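Visitor: The structure is given below, and queries will be raised subsequently.
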Amino acid sequence: MIPASGAVLEAHHLRKDYRGGDGSTIEVLKGVDLTVSTGEFVAVTGESGSGKSTLLHLLGALDRPSGGRVVLEGTGYEGLDDDALAAVRNRKIGFVFQFHHLLRDFSALENVAMPLLIAGQEPTSAREHARTLLDAVGLSARVEHLPAQLSGGEQQRAAVARALAGNPVLLLADEPSGNLDERNAGQLHEVFARLARDFRTALVVVTHNRALAGLADRVLQLADGTLALVTVTS
């Protein structure tokens, strides 16, 4: 069910162009409109090369659009300099990518606590919060394990916990189960199925996986540079 609360994330007429090797303009996004509310899980599907990752980078303030605007909690990105955009990413947005990027010499608990420690949180409190998040993604028995001692799915679930550490209002995931076998992917999908609701965040996931997309409140398809609604789950 799509929540009745106001929009957390808005994209208005979002465009992204690139310059081709021959000097021509390549239009990747041609006017994307998107609204995502607190507690809502939106999946974005589409063919390889359709611009899904480009869209996610624009929504996450990792890149600037060629036109249009992105608004997060009422603030448009277009008026922010690079330092201010970095602050938005650090304080309000969590990212999960296809590869977990965990620090190999640190335990799962230490990896999840790291963003909190960097932000200045007291160590005991940071570790306690990290432990709570790892428990929420089903890793309560694996908190002291190094990444190499975890399965691929466990590593990715630890990455999800790390992305949630700062209590983001927006969580963005790019093919989070794309590198996992069916069993590990299924366990990760169960986590995503309840993320938006349990953590009261807006969740946008780019995925080719139909099973993961099928858990979303809305499924959108990116094709020819625009988004179209595929399904709504009631």
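Read the figures in this text as sums done on the coordinates, not as results from a lab. None of these values were measured; they are calculated from a predicted model. Every residue, glycine as well, gets a Cβ built from its backbone with ideal geometry; the counts of neighbours run over all protein chains shown.
Visitor: In debye, nearest 20: dipole of the chain around its Cα centre with unit charges on the Cβ of K, R (+) and D, E (-)? Please report the intermediate quantities before stating the final value.
Guide: Values: 22 positive and 28 negative charges, 54 e Å.
I would put it at about 260 debye.
Visitor: Hull surface divided by four, with the convex hull built on the Cα atoms of segment 12-170: how many nm²? Walk me through the numbers before you get to the answer.
Guide: Details: hull surface 45.2 nm².
Its average projected convex-hull area is 11.3 nm².
Visitor: Further question on the same structure: Summing Lys, Arg as +1 and Asp, Glu as -1, what charge do residues with Cβ under 9 Å from the Cβ of Q98 carry, Q98 excluded? Provide the component values of the computation, followed by the final result.
Guide: Numbers: positive: none; negative: D174, E175.
Summing Lys and Arg as +1 and Asp and Glu as -1 gives -2.
Visitor: With springs connecting C-alpha atoms under 10 Å apart, model the chain as a Gaussian network and identify which of L29, L85, L133 has the largest mean-square fluctuation.
Guide: So, out of L29, L85, L133, the one fluctuating most is L85.
Visitor: Looking at the chain, identify the longest residue range that excludes and avoids all GluC sites (Glu not before Pro) in DSSP loops having at most 12 other Cβ atoms within 10 Å.
Guide: Details: sites that count: E47, E144.
By the stated rule (loop sites, at most 12 other Cβ atoms within 10 Å), 48-143.
Visitor: Per-residue ellipticity at 222 nm for the chain, helices alone: DSSP H runs ≥ 4 residues times -39500 (n - 2.57), over residue total, nearest 500 deg cm²/dmol?
Guide: Numbers: 7 runs with 79 residues, N = 234.
Using -39500 (n - 2.57) per qualifying helix, the result is -10500 deg cm²/dmol.
Visitor: So, counting K/R as plus one and D/E as minus one, what does the shell of residues with Cβ under 12 Å around T54 add up to? Walk me through the numbers before you get to the answer.
Guide: On the way: positive: R15, K16, K30, K52, R64; negative: D17, E27, D63, D174.
Spelling it out: positives minus negatives among the neighbours equals +1.
Visitor: Kindly identify segment 16-85 as rounded, prolate or oblate by the Cα gyration tensor criterion: order the square roots of the eigenvalues as a ≥ b ≥ c, call it rounded if a/c is under 1.5, otherwise compare a/b with b/c, prolate if a/b is larger, else oblate. Numbers along the way, then the final one.
Guide: Working: a/c = 2.39, a/b = 1.29, b/c = 1.86.
Note, shape of segment 16-85 comes out oblate.
Visitor: I've got another one for you. Net charge near E73, counting Lys/Arg +1 and Asp/Glu -1 over other residues with Cβ under 11 Å of its Cβ?
Guide: Numbers: positive: R91, K92; negative: E10.
Neighbour charge sum, excluding E73 itself: +1.
Visitor: Which of S24, S66 has the fewest other C-beta atoms within 10 Å, and how do the rest follow up to the most? Intermediate values should be presented prior to the final figure.
Guide: Working: S24 8, S66 15.
Taking fewest neighbouring Cβ atoms as first place, the list is S24, S66.
Visitor: Also, quick follow-up: Diagonalise the Cα gyration tensor of segment 58-121 and give the resulting equivalent ellipsoid semi-axes, square root of 5 times each eigenvalue, largest first, whole Å.
Guide: Values: eigenvalues 153, 39, 16 Å².
Taking √(5λ) for each eigenvalue gives 28, 14, 9 Å, largest first.
Visitor: I've got another one for you. What is segment 29-70 by shape, rounded, prolate or oblate, if you read a ≥ b ≥ c off the alpha carbon gyration tensor as root eigenvalues and call it rounded for a/c under 1.5, prolate for a/b larger than b/c, and oblate otherwise? Walk me through the numbers on the way to the answer.
Guide: Numbers: a/c = 1.71, a/b = 1.15, b/c = 1.49.
In terms of gyration-tensor shape, oblate.
Visitor: Can you return the lysines within cross-link range of K16? Criterion is Cα-Cα under 18 Å, with same-chain partners fewer than 8 residues away left out.
Guide: K30, K52
Visitor: How would L134, L103 line up from fewest to most surrounding beta-carbon atoms within 10 angstrom? Intermediate results must be reported in sequence, preceding the final value.
Guide: Working: L134 26, L103 12.
Starting with the residue having the fewest Cβ neighbours, the order is L103, L134.
Visitor: What is the set of long-range amide H partners of T38 at a cut-off below 5 Å, with H atoms built 1.01 Å from backbone N?
Guide: Excluding prolines and chain starts, which carry no amide H, the hits are V8.
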